[in-house]
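The values are calculated or read from the model by the stated rules, or taken from the named source; none is laboratory data. Please read all numbers here as calculations on a predicted model, not as lab measurements. Don't worry about glycine lacking a Cβ; one is built from the backbone with ideal geometry, like all the others, and counts go over all protein chains shown. These area figures cover heavy atoms from the full protein model, side chains too; ligands, DNA and RNA do not enter into them. Shrake-Rupley method; radii C 1.70, N 1.55, O 1.52, S 1.80 Å.
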Amino acid sequence: MRRLGIMGGTFDPVHYGHLVGAEGARHDLKLEKVIFIPAGRPPNKPHSRITEPWLRYRMTGLAVASNPFFEVSSIEVERTGPSYTINTVQAISRLYPGAQIYFITGSDALVDIHTWKGIEYLLTICRFVAAARPGYRVDELWERLDSLIGDLRRNIICMEVPALAISSTDIRQRVREGRPIKYLLPEPVEDFIKKNQLYRQ
Ligand code: NAP
């Protein structure tokens with residue numbers, strides 16, 4: 001059976017924590033490839049100020065270009081309306097019939113998983129990989145998920161990613177404050193941020 005990873009996130013901006021996490025999941029779960037899918041309009045952040053979707057898509061493309069097992073998809077950026085994960089996983093399943101799909105995302109993003117559209121069905125058509133920052137209390141996440149989704153929690157696995165000490169929030173703040181972001185994200189992404197004057201305010 002084909003095994004595919006979908007790396008879901010806002011990627012504002014994409015950084016080495018995301019890349020290391022995706023590569024770790026690819027190796028550990030024997031995934032054929034990992035498709036990075038920048039969220040077009042994250043349903044959980046209707047009023048947040050996030051960078052324009054196509055700019056985040058282009059940064060993600062630059063970041064994954066050097067890994068033959070990674071690709072980027074504009075499926076959510078092109079879709080109108082909120083970027084519901086269920087629609088994305090269904091679309092990818094249609095492209096790869098019969099494949100086992102792993103949806104990889106941040107463990108923090110899963111704390112309100114019970115509010116996600118069609119979550120019960122979603123957890124039957126794909127498995128989730130929760131990428132956790134160092135020091136993350138995984139036991140607390142399991143307790144919360146047990147109470148929110150019961151048995152379906154079996155379809156979620158957790159993976160600690162030390163490189164997730166890097167965070168997009170910190171990178172944005174560093175740019176705002178004029179501090180360095182070198183070595184936190186691939187150089188082409190750093191250049192893109194500078195050239196397009198992102199995160200200055
Ligand atoms: P977020 O709130 O921006 O991020 C929550 C935390 O998870 C942050 O600490 C973030 O760190 C981390 N994170 C996000 N994506 C990650 C990844 N792929 N690998 C490692 N860490 C990651 O979460 P989000 O980006 O909006 O949502 C994550 C995914 O869940 C997206 O694909 C989104 O579309 C999906 N989602 C779907 C629904 C729904 O269908 N109803 C609802 C909510 C979210 P960084 O800031 O450093 O990335």
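Restricting to DSSP loop positions (anything but H, G, I, E, B) with no more than 14 other Cβ atoms inside 10 Å of their own Cβ, which trypsin sites (Lys or Arg not before Pro) remain in region 97-199? Mind dumping the intermediate values first?
Numbers: sites: K117, R127, R137, R144, R153, R154, R172, R174, R176, K182, K194, K195; in loops: K117, R137.
Here the sparse-neighbourhood loop sites are K117, R137.
A cut-off of 5 Å between modelled amide H atoms, ignoring neighbours fewer than 5 places along the same chain, links F103 with I6, R127, F128, V129.
To the nearest 10 square angstrom, what accessible area does R179 show with a 1.4 Å probe? Estimated to the nearest 10 Å², R179 gives 90 Å². Counting only DSSP H runs of at least 4 residues, each contributing -39500 (n - 2.57), and dividing by the residue count of the chain, the helix-based mean residue ellipticity at 222 nm comes to -11000 deg cm²/dmol.
Translational diffusion of region 1-93, estimated by Stokes-Einstein from the Kirkwood radius over alpha carbon pairs at 4 °C in a medium of 1.567 mPa s, is 96 µm² per second. Rounded to the nearest Hz, the phi-derived 3J(HN,Hα) couplings of region 112-122 under the Karplus curve 6.51 cos²θ - 1.76 cosθ + 1.60 (θ = phi - 60°) are 10, 4, 5, 8, 5, 4, x, 4, 5, 5, 3, where x marks glycine and proline.
Give me the number: length gained by fully extending K182 to W54, i.e. 0.36 nm times residue separation minus the C-alpha to C-alpha distance, one decimal in nm.
Details: separation 128, 0.36 × 128 = 46.08 nm, distance 2.29 nm.
Working it through step by step, the gained length comes to 43.8 nm.
Taking a sphere under 13 Å around the Cβ of Q90 and counting the other residues whose Cβ falls inside, with K and R at +1 and D and E at -1, yields a net charge of +2.
Once the other residues with Cβ under 11 Å from the Cβ of P53 are scored (Lys, Arg +1; Asp, Glu -1), what is the net sum?
Summing Lys/Arg as +1 and Asp/Glu as -1 gives 0.
Residues whose amide H comes within less than 5 Å of that of F36, counting only those at least five positions distant or on another chain, are M7, E71, V72, S73 (H built at 1.01 Å from N in the peptide plane). Region 157-184 and region 17-32 have Cα centres spaced 18 Å apart.
Near F192: Cβ cut-off under 11 Å, other residues only, Lys/Arg at +1 and Asp/Glu at -1. The net charge is +1. Note on the chain: GNM, Cα springs under 10 Å; of T60, T88, T115, the largest mean-square fluctuation is that of T115. To the nearest ten degrees, helix 85-95 and the longest principal axis of the Cα atoms of the chain are 80 degrees apart.
For the chain, pairs of C-alpha atoms spaced more than 32 angstrom apart make up 12 percent of the total. Amide H to amide H distances under 5 Å link C158 with A130, where only residues 5 or more positions off or on other chains count and H is placed in the peptide plane.
The residues of the chain expose, per residue, 52 Å² of accessible area to a 1.4 Å probe. Solvent-accessible area of the chain (1.4 angstrom probe, protein heavy atoms only): carbon and sulfur portion equals 51 percent.
Once the Cα-Cα distance is subtracted from the 0.36 nm per residue extended length, the H47 to H27 segment shows a gain of 3.6 nm.
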